[in-house]
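S.K.: Structure in structure tokens, see below.
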Amino acid sequence: MELNAQNGQYEIQGLNVLDIVKTHGSPLYLYDGDKMEQQYNRLKNAFDGINLKVKYACKSLTNLSVLKLFKKLGSDIDTVSIQEVQLALLAGFTPDQIIFTPNCVSFEEIQEAVELGVMINIDNISILEQFGNHYGSSVPCCIRVNPHIMAGGNSKISVGHIGSKFGISVFQMPHVRKVVENHNIKVVGLHMHSGSDILDSQVFLQAANVLFEATEGFDDLEFIDLGSGFKVAYKEGDVTTNIEEVGKVLGDAFKSFCKSYGRELELWFEPGKYLVSESGLLLVETNVIKHGLAAVFVGVDAGQNHLIRPMMYDAYHHIVNISNPKGKERIYDVVGYICETDTFGHNRKLNEVHEGDILAIKNAGAYGFMMSNNYNSRLRAAEVLIYKGEARLIRKRETMDDIVRNQVDFFESETVQQ
Ligand SMILES: *Cc1c(COP(=O)(O)O)cnc(C)c1O
């Protein structure tokens, strides 16, 4: 989103953002598809000369139109539930483009995914044994290793630590090798996803090296999957992962690993946030200005039910008053309308806000809509995608029907009693 200096309006690809809110109402999720495309291409280019596969981690944003956009760009896809596998197939991905990386799902769900023909990423020795019993060497699979490299970010999204429920500890690899040998399992990939925000290419390298060492004894490998961990800017001036540097450092390390392994493998990544976070805005309307004793509150027509990251992860999401770009700056607490303390931003400097003004909450593309819910019996927002200069509705706003659809009335058949 950019401020057009000539007309003083906020725009995306030359389209007036306020006009889009007028057309589709608020709260509204608005995505810039061209920005997604730029992020995708930047990653591809950073690993020029490497056999790179990008597996879009679709749990960050599974709208079918977004999935189709990534399909068009040449991306593959990473899924974490059988429903996401089904969505990926619906969007037109072929089974060989889909990796299924579940955690703590039933073996039946894994069997369902095998029947659909997707790559299974196994993160539990008990499941590996069942997989071997059932399929032997007939279905190739991938193993998720936890390298225990601590990365930055919020403790709730860092999954590489020793107490994490994710992956099989790198210290359990001797046991894994035994299970693989006993059942003659065909392991074609090793995977890790150590946490969400890695700033430093050296941390990536350290984790990758642990995984490279863990390949010993696995002779059928076709790919190494380094998961995600790319950090994007939430605040002005935030340090972000230098993708080009990671590409250079990891690309070189990967090439020399392939040489010692004796074969050219594919290098996979599974970014979610990196591909879609910055492309998304949550647009909300100001219901009330409330002068409290310690703060001036801007109360908006959305809440933690629409965007929970600020409350759940203490995530900072930059907020802009797009209705009054030239207004005098004042300090506000921007809060939601849910009966919880759902603060979107505390002590924020915004151009003076009036009731009716539209605010844009930035970086809302990833884990925004996807984590939304109906708490307080509120309706989920609509979603609009802008791609190549055209804005289209890609999900309708919920209605009251959606709130009651699956409810069954206990008292429906009761005869009226006096
Ligand atoms: C969530 C997830 C990702 C994506 O993480 P981001 O921080 O959104 O990039 C990648 N791989 C796996 C296995 C995941 O569960």
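S.K.: So Pro325 clears everything in (1) under 30 Å from Gln97 (Cβ atoms); (2) assigned to a loop (DSSP other than H, G, I, E, B) except one condition, right? Which one?
M.R.: Pro325 satisfies every listed condition except (1).
S.K.: Further question: Can you pull out the residues in the range 366-418 that are among the hydroxyl-bearing types (Ser, Thr, Tyr) and surrounded by fewer than 15 Cβ atoms within 10 Å (Cβ to Cβ)? Step through it out loud before you land on a result.
M.R.: Step one: filter the range 366-418 for residues among the hydroxyl-bearing types (Ser, Thr, Tyr), giving 367, 372, 375, 377, 387, 399, 413, 415.
The answer is Ser377, Thr399, Ser413, Thr415.
S.K.: Restricting to the range 88-109, give me the number of residues that are within 15 Å of the ligand (Cβ to nearest atom), outside any loop (DSSP other than H, G, I, E, B) and in contact with a helix residue (DSSP H, G or I) (Cβ under 7 Å, 6 or more places away or on another chain).
M.R.: Looking only at that region, the number is 3.
S.K.: Still on this structure, please answer the following. Just to be sure I understand, how many residues within the range 125-153 are surrounded by 14 or more Cβ atoms within 10 Å (Cβ to Cβ) and over 20 Å from Ser228 (Cα atoms)?
M.R.: Residues flagged as surrounded by 14 or more Cβ atoms within 10 Å (Cβ to Cβ) and over 20 Å from Ser228 (Cα atoms) within the range 125-153 amount to 11.
S.K.: Sticking with this one: Does Tyr56 satisfy the criteria of being in a strand (DSSP E or B) and buried (at least 17 other Cβ atoms within 10 Å of the Cβ)? Spell out the reasoning first.
M.R.: On the way: in a strand (DSSP E or B): yes; buried (at least 17 other Cβ atoms within 10 Å of the Cβ): yes.
Here the answer is yes, as Tyr56 does meet what is asked.
S.K.: For Ala295, are the conditions met, namely being of a type outside the set (D, E, K, R), closer than 30 Å to Val21 by Cα, in contact with a helix residue (DSSP H, G or I) (Cβ under 6 Å, 6 or more places away or on another chain) and surrounded by fewer than 22 Cβ atoms within 10 Å (Cβ to Cβ)? Break it down stepwise before answering.
M.R.: Values: of a type outside the set (D, E, K, R): yes; closer than 30 Å to Val21 by Cα: yes; in contact with a helix residue (DSSP H, G or I) (Cβ under 6 Å, 6 or more places away or on another chain): no; surrounded by fewer than 22 Cβ atoms within 10 Å (Cβ to Cβ): yes.
Considered against the rule, which asks whether it is of a type outside the set (D, E, K, R), closer than 30 Å to Val21 by Cα, in contact with a helix residue (DSSP H, G or I) (Cβ under 6 Å, 6 or more places away or on another chain) and surrounded by fewer than 22 Cβ atoms within 10 Å (Cβ to Cβ), Ala295 comes out as no.
S.K.: Another question, then. I'd like to know if the range 325-332 contains one or more residues that are modelled with pLDDT of 95 or more, touching a Ser or Thr at 6+ places or on another chain (Cβ under 9 Å) and assigned by TED's automatic domain parsing to the domain that holds Ala302.
M.R.: Start the filter on the range 325-332 by keeping residues that are modelled with pLDDT of 95 or more, which leaves 325-332.
Among the residues that remain, those that are also touching a Ser or Thr at 6+ places or on another chain (Cβ under 9 Å) are: none.
No, that holds for no residue.
The rows are residues; the columns are (1) more than 16 Å from the ligand (Cβ to nearest atom); (2) surrounded by 17 or more Cβ atoms within 10 Å (Cβ to Cβ); (3) modelled with pLDDT under 95.
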| position | (1), (2), (3) |
| --- | --- |
| Ser277 | no, yes, no |
| Gly280 | no, yes, no |
| Leu283 | yes, yes, no |
| Pro310 | yes, yes, no |
| Tyr313 | no, no, yes |
| Val320 | yes, yes, no |
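For (1) surrounded by fewer than 21 Cβ atoms within 10 Å (Cβ to Cβ); (2) of a type outside the set (A, V, I, L, M, F, W, C); (3) in contact (Cβ under 8 Å) with a residue 12 or more places away in the chain; (4) within 26 Å of Leu307 (Cβ to Cβ), each residue gets a yes or a no:
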| residue | (1), (2), (3), (4) |
| --- | --- |
| Asn7 | yes, yes, no, no |
| Met36 | no, no, yes, yes |
| Leu52 | yes, no, yes, no |
| Ser60 | no, yes, yes, yes |
| Val66 | no, no, yes, yes |
| Phe70 | no, no, yes, yes |
| Asp78 | no, yes, yes, yes |
| Ser81 | yes, yes, yes, yes |
| Thr94 | yes, yes, no, no |
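S.K.: If you go through the range 259-275, how many residues are closer than 22 Å to Asp76 by Cα and more than 12 Å from the ligand (Cβ to nearest atom)? Please lay out each step first, then the result.
M.R.: Step one: of the range 259-275, the residues closer than 22 Å to Asp76 by Cα are 264-275.
Still in the list and also more than 12 Å from the ligand (Cβ to nearest atom): 264-267.
Here the count works out to 4.
S.K.: I've got another one for you. Condition first: within 15 Å of the ligand (Cβ to nearest atom) and not acidic (Asp, Glu). Now tell me which residues in the range 68-81 satisfy that.
M.R.: First pass over the range 68-81, keeping only residues within 15 Å of the ligand (Cβ to nearest atom): 70, 75-81.
Within the range 68-81, Phe70, Ser75, Ile77, Thr79, Val80, Ser81 meet the criteria.
S.K.: Looking only at the range 222-239, which residues are more than 30 Å from Val320 (Cα to Cα) and either within 16 Å of the ligand (Cβ to nearest atom) or surrounded by 19 or more Cβ atoms within 10 Å (Cβ to Cβ) (or both)?
M.R.: Within the range 222-239, the subset more than 30 Å from Val320 (Cα to Cα) is 222-227.
Passing the criteria: Phe223, Ile224, Asp225, Leu226, Gly227.
S.K.: I would also like to ask the following. Can you tell which of His193, His175 is under 26 Å from Gln130 (Cα atoms) and in a loop (DSSP other than H, G, I, E, B)?
M.R.: Values: His175 fails: in a loop (DSSP other than H, G, I, E, B).
Matching residue, one of His193, His175: His193.
S.K.: Can you pull out every residue in the range 181-198 that is of a type in the set (A, V, I, L, M) and either within 13 Å of the ligand (Cβ to nearest atom) or crowded, with 22+ Cβ neighbours inside 10 Å (or both)?
M.R.: Taking the range 181-198 as the starting set, the residues that turn out to be of a type in the set (A, V, I, L, M) are 185, 187-188, 190, 192, 198.
The answer is Ile185, Val187, Leu190, Met192, Ile198.
The values are calculated or read from the model by the stated rules, or taken from the named source; none is laboratory data. Being a predicted model, the structure only gives us computed values, none of them experimental. Counting neighbours? That spans all protein chains shown, and the Cβs are built from the backbone with ideal geometry, glycine included.
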